[in-house]
1. Would you point out which residue out of 133, 146, 161 is surrounded by 17 or more Cβ atoms within 10 Å (Cβ to Cβ), assigned to a loop (DSSP other than H, G, I, E, B) and touching a residue at least 24 places away in the same chain (Cβ under 8 Å)?
2. For region 93-130, which residues satisfy the criterion of being among the hydrophobic types (A, V, I, L, M, F, W, C) and either surrounded by 14 or more Cβ atoms within 10 Å (Cβ to Cβ) or under 23 Å from residue 172 (Cβ atoms) (or both)?
3. Step by step: first the residues of region 169-184, then only those that are within 19 Å of residue 110 (Cα to Cα) and hydrophobic (A, V, I, L, M, F, W, C), then the one that is surrounded by the most Cβ atoms within 10 Å (Cβ to Cβ). Which residue is that?
4. Select from region 22-46 the residues that are surrounded by 23 or more Cβ atoms within 10 Å (Cβ to Cβ) and either outside any strand (DSSP E or B) or without any contact (Cβ under 8 Å) to a residue 24 or more places away in the chain (or both) and list them in ascending order.
5. Being hydrophobic (A, V, I, L, M, F, W, C) and in contact with a Lys or Arg (Cβ under 7 Å, 6 or more places away or on another chain) narrows it down to one residue among 166, 137; which is it?
6. May I ask you to list the residues in region 185-200 that are surrounded by fewer than 18 Cβ atoms within 10 Å (Cβ to Cβ) and β-branched (Val, Ile, Thr)?
7. Out of the residues in region 88-127 that are in a helix (DSSP H, G or I) and of a type in the set (S, T, N, Q), state the one that is farthest from the chain's Cα centre (by Cα).
8. I'd like to check which strands (runs of 3 or more DSSP E) are fully inside region 171-250 and have at least 1 residues that are more than 14 Å from the chain's Cα centre (by Cα) and of a type outside the set (Val, Ile, Thr).
Amino acid sequence: MIERNVMDKFTINDLNLYYGDFHALKSVNLHLPAKEITAFIGPSGCGKSTLLKTLNRMNDLVEGCKITGQVMLDGGDIYAPKTDVNLLRRNVGMVFQKPNPFPMSIFDNVAYGPRTHGIRSKLELEEIVEKSLRDAAIWDELKDRLKKSALGLSGGQQQRLCIARALAVDPEVLLMDEATSALDPISTSKIEDLVLELKEKYTIIMVTHNMQQALRISDNTAFFLLGEVIEYDKTDKLFSVPSNKKTEDYITGRFG
């Protein structure tokens, strides 16, 4: 088990989540270190994406969703009544499974978030767009096409554009929900390389079905089964000497 650390970004205490009568997350306790990559693995429907969405309150949008317990971000409870959810989602960006660029220019996709937060200066927006595209390792590919529609990009380029769009509002955390599962192997490799670079500046929490991906790029891994965290440890330790038989059965392909 990973020791608690003052550098933890998120601390999750006894979190339970219900969709109506369905108990989707059961007494989850986790602490997620800052500026590291943490992977959530497990079979479909085990609660990985549900937990990811509790970290920026995306589950608020689901009717009949009820949450008990605590999710602490930098020591503050994100479910406290006074929490500014817009500010939370600015600090905790999200990249989804399927690339979802807006039907507008590449430039306007990246500038969208900063504009909604009140930035109007053309020069400032240009600087943000360039920095975000550079951070997403796609500036050189797109710098001469900024006025063209984002929908004309390949799937891998669209996903890196969506990462740039998430970075443009200067978040501290990046949530990635199966962010490479719809991509070809070359695009997947580019995004994995990018994520490894981004962890110098950001805390990254990713859901993946691809255990090899978790092994390649994550520092920590949590294994979920039926809404429970079965095991959480440093990635190399969890994969080489799992302490729970269920973890061992899953990573060796006996089920899932």
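1. 146
2. From region 93-130, those among the hydrophobic types (A, V, I, L, M, F, W, C) are 94-96, 102, 104, 106-107, 110-111, 119, 123, 125, 128-129; that's our starting set.
Matches in region 93-130: 94, 95, 96, 102, 106, 107, 110, 111, 119, 125, 128, 129.
3. Looking at the filtered set, the residue picked out is 179.
4. Matches in region 22-46: 42, 46.
5. On the way: 166 fails: in contact with a Lys or Arg (Cβ under 7 Å, 6 or more places away or on another chain).
After applying the criteria, what remains is 137.
6. 186, the sole residue that qualifies.
7. Step by step, filter region 88-127, then rank; the result is 116.
8. Fully inside region 171-250 and qualifying: 220-225, 228-234.
The numbers here are math on the coordinates, done by the rules we state, and not lab data. Because the structure is a prediction, the values reported are computed rather than measured. Every residue, glycine as well, gets a Cβ built from its backbone with ideal geometry; the counts of neighbours run over all protein chains shown.
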